[in-house]
Every structure is written in C-alpha cells, then in structure tokens.
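Asker: Can you keep this structure in mind? I'll have questions shortly.
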Amino acid sequence: MTHLATLVVALRGIFANRLRSFLTILGVIIGIASVIALSSVGEGSAQSIEERLGNLGSNQLTVSPGAATEGFKRMAQGSAQTLSYEDALAIASSTEVTTVEAVAPEASTSAQVVIGSENVNAKIFGVTPEYEEVRNKTVAEGNWITQDDVNSTASVCVLGSGAAEDLFGDSNPIGQTVKIDKRPFTVVGVMEEEGGMMSADDSIYVPISTVMNRLNPQRASDGDHIIGSIYLQAADGQNDLAMSQVTELLMDEHRIALGDEADFSITNLQDIVDTFTETSDTLSVLLTVTAAIALLVAGIGIMNIMLVSVTERTREIGIRKAVGAKRRNILMQFLLEASTISVIGGIIGIGVGIGASELLSGSITMNMSTIETIITPDTIIIAFFVALGVGIVSGVYPAIRASRLNPIDALRYE
C-alpha cells in the first residue's frame, strides 16, 4: 500500500466523523493561536522596553540622594537631601574623574503654569546645557537652555511637546510668555515628542539656577544648593570605572570615611537594561508555557479521539489485515490521521494567531506605552512543527494499539 493511498484512507477516516474531528482540531487551533499571539506580545513588550531604555544610552549613570533614616526606620531612596549642585561642579572639574564625559545636574519642582485662561500643573526641571546630550533630548523648535541662561538665572523655558499642546494648542509658542508659579517665563523652545513609557512630554525645562534660586530654593546646612539628581555620561565601556571614581570623589566631598555607608547611590543604566531584558525574557517563557498547556490538552484530546476511533474501526482493521495489510500499514494510517488532524489545526491556528496578534497590536499599554506585537518567522516555524509533533506523539499509542490487533479477534469484534 503506497503512502498516498494510506493518506487517502486516513483523510477518509477523519472526514467520516466531521464534528468530532472539528472539535479535536479546535483544541490545536486554540493552542497554536495562543502560542503565536502570546509570543508576539512578549516580543513586542521586550522590544518596547529595550528601545526606550536604549534611547537613554547604555553609558548613562545616575547619582541619586541616599535614603534617609527616621529613628530605626529607613526611608525610601531619594528621601534624603544629600546631593548638591556643588557636587556636580566638583565631578565636572575633578582631574581624578577621568572617565566621565559630561555632567548634567537636575533640580525639579512642581508648579502651576498659566497662559491666558489655560493652566496646567507641570513638572519643572532645572537643567544645564549638557542635560540635552546626556539625557538624549531633542528640541523640535527653537533652542535649548544655554550656559548664559544658567549664569544669568534667566526666566526662559523649553516646553515638552505635551505641555506645549495643552497650553497653546496649534499656535506657535516660541517667544510667547507663560507664568510659572506666577512668574513670567519666555518660551524659547519646544521638545520633540517622546511618547511611550517614562515620557517627559508634559514637562517644562528651565535653567537650573532659576529653580535653585527662584522656584524652589533649597540649601543644605553648609549653604550648598540642594538638587535631585546628577546624570553622568561615561566614556564607552567605562561605566564601572566611572562609578568607582565618582563614588570616591563624592565620599570625600561629603566627608564620609572609607567603609562607612554612603549618603548617595549611583545607578548604572546598563544594569537596568539588562534587568528589564531578563524580565521580558522570563515573561515570554511564562506566556509560552501557558500556551503550551493548551497544546498539551489538545494532544490529550487527539489521543482520546484516536483511541475511540481504533475501537470503532476494529472490524475494519481486521478486514484490512485479513486481505494482506501489514502492521506498518495500520500504524502509518493512524499516525497519519493524528498528524493530519494536528497539522490542519496548526495551519488554521497560525492564521488565527497572526490575526489575533494584529488585533492586539497597539491596543495593549504598559506604563502608558503602547505595545506593538511582533511575530517572528521563527515563531511560526516552531508553531508548525510543534503542531506536527503533538499529532505524532498523541497518535503513537493509538496507532501501536491498532497495529497489534489480532485479525481473528478484530473480525469477531461487535
């Protein structure tokens, strides 16, 4: 008996019980579609995170205030006011810190911003000219904060794209005046839209000296200006050495003995990127395992249906053996039936999975960031062979059982 004839007999067995075969195929469709849809979500979320963090630059370091203590209770990191503008100047001018290419201190506050009848509550960031490069900011219109603005404590501001739209709509804001905390500021620039998670589109940037001296003047006991963070751009491949050099300098600046706990912390952005990547990979694995469970259930369904089919067609098997069919012919027939059911379900499931991924694309948000689903060719290829494997594995036992039936006993079966 040729393989083609065996396939024809197998297909005839499948279509002889259309409803039962359809319900069995449905399990495979759901399993394969779930694998593709969930994998595409995992791939999309991973790429979204990596792109967003990658845009900030893997060689960025962030110096943050250390955690304050209240009695025996340790407060959250950043709750202590232990960083100053003078610390940033010390890092920038130090001959000992040789691996830091740019220093960008940041002082922030919140304030009401008013233009005519429009007003918004916005986050105000006090920045320096270096901030644009270190934080990978891009000005769409106008200019960024200059050193002259910082030196003169100028009342100028650069609007985030969202803040500009909220305050001015479609009008050109460049040269217009807004009131920040009741003080007039001239708009000199508008930022390019960032979008996604961690977006600063609704923020407003002003010279750091303006925040420190006018909008939110805070000083330490020694008279230094309190700031929130210091962003550093390390030389390529020098993150660890830069962290070591800056730590040593700030420990000395803060008069902290070597070995004592620092009142600041330094974060390596590359470590955050790696952590998010590992997390997204773990998420993808969990999603795939969840979908695999559906395939396992589908496989059990195929095996169950094939066992029922063997029982129902016992006399047919006996007749075929009586007229000369060999064990391998019977074995191949039932294996083909199980594999065909699974492959048909797999092909349909791939189509359903691609369609579901397209529907989900752009409809899922994470931290206010829209996730675009991504389907890789590898996912489709793997899904197809998984479907084929499920059919083969699920059909092995029923096929072996059918091939081992005694022809005489099979012919007597009622």
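The values are calculated or read from the model by the stated rules, or taken from the named source; none is laboratory data. Everything numeric in this text was worked out from a predicted model, so none of it was measured. Note that each Cβ is placed from the backbone with ideal geometry, even for glycine, and that neighbours are counted across all protein chains shown.
Asker: Looking at the range 129-158, which of its residues are out of contact with any Leu (no Cβ under 9 Å at 6 or more places or on another chain) and part of a helix (DSSP H, G or I)?
Answerer: Correct list: Glu130, Tyr131, Glu132, Glu133, Gln147, Asp148, Asp149, Val150, Asn151.
Asker: Failed condition for Gly126, given (1) modelled with pLDDT of 95 or more; (2) assigned to a loop (DSSP other than H, G, I, E, B); (3) not polar (S, T, N, Q), with all others met?
Answerer: Gly126 satisfies all of (1) modelled with pLDDT of 95 or more; (2) assigned to a loop (DSSP other than H, G, I, E, B); (3) not polar (S, T, N, Q) except (2).
Asker: Please enumerate the residues belonging to the range 87-102 that are in contact with a Leu (Cβ under 9 Å, 6 or more places away or on another chain) and farther than 21 Å from Gln218 by Cα.
Answerer: Residues satisfying the conditions are Ser94, Glu96, Val97, Thr98, Thr99, Val100, Glu101, Ala102.
Asker: Which condition from (1) modelled with pLDDT of 80 or more; (2) of a type outside the set (Val, Ile, Thr); (3) not in a helix (DSSP H, G or I) is the one that Gly362 breaks?
Answerer: (1)
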